[in-house]
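The next block holds one structure in the form of structure tokens; read it before the comments.
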Amino acid sequence: MVTLFTCLITLQFALIVSHDLVDIPGWVHGSQVQAVIGRRKVWLATLINAIFPGTAAGFAIYFWGRPKPWFVPNYWLVYCAITLLSAIAMWYIPYLRGASERQKREYGSMYAGTRHILPARGDNPRPNLFHIGLHVLFVANFCLAWGLRFGRA
């Protein structure tokens, strides 16, 4: 379980840090995000957003195969819970309940041309396939962090 968590939390860190900076047609369009938010703000947000998953991944790598101090599994669990709740607030609440006109416009511009598998709900923003995959990763890491914190691993 520790090895799987180490691999997945490191993958999560890499994806979070890179996805608004690259263009992979149909999957992520970092240039569109940068056009809406601004290149400087995207870089600033990326640097700030790298701190918490970077710490989680760093702990996972450093303490892989070693005894972990009490705060490490606690950090993993809290970080993964906050990340999962943030994804729900940023994507699924607007998808299910609606969003402001500004948020609809921004999400529409940032994620135009990406693959979607969830059905449209009016003009509500919906997570694209890349973000759904990222959210599945968040759920997996939360479950693993829960097991590492409260299990016997």
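Going by the alpha-carbon gyration tensor, a ≥ b ≥ c the square roots of its eigenvalues, is segment 21-96 rounded (a/c under 1.5) or, if a/c is not under 1.5, prolate (a/b greater than b/c) versus oblate?
Because a/c hits 1.5 or more and a/b exceeds b/c, segment 21-96 counts as prolate.
Count the net charge of all other residues whose Cβ sits under 14 Å from the Cβ of residue 28, scoring Lys and Arg as +1 and Asp and Glu as -1.
That sum, taken over residues with Cβ under 14 Å, equals -1.
Net charge near residue 108, counting Lys/Arg +1 and Asp/Glu -1 over other residues with Cβ under 13 Å of its Cβ?
After counting each charged neighbour, the total is +1.
Quick check: with the 1.4 Å probe, what order do 135, 116 take by accessible area, largest first?
Per-residue accessible area, sorted high to low, gives 116, 135.
What number, rounded to the nearest 500 deg cm²/dmol, is the helix-based mean residue ellipticity at 222 nm of the chain, given -39500 (n - 2.57) per DSSP H run of at least four residues and division by all its residues?
Theoretical 222 nm ellipticity from helices: -22000 deg cm²/dmol.
Please calculate how many Å² of accessible area the chain carries per residue, with a 1.4 Å probe and no DNA, RNA or ligand atoms counted.
Value for the chain: 58 Å² per residue.
How large a share of the accessible area of the chain, in percent, is made up of carbon and sulfur atoms when the probe is 1.4 Å and the other protein chains stay in place?
68
The values are calculated or read from the model by the stated rules, or taken from the named source; none is laboratory data. The model shown is predicted, which means the values in this text are computed figures rather than measured ones. Glycine gets a Cβ as well: all are built from the backbone with ideal geometry, and neighbour counts include every protein chain shown. Heads up: the accessible areas ignore ligands, DNA and RNA and are worked out on the full protein's heavy atoms, side chains in. Shrake-Rupley method; radii C 1.70, N 1.55, O 1.52, S 1.80 Å.
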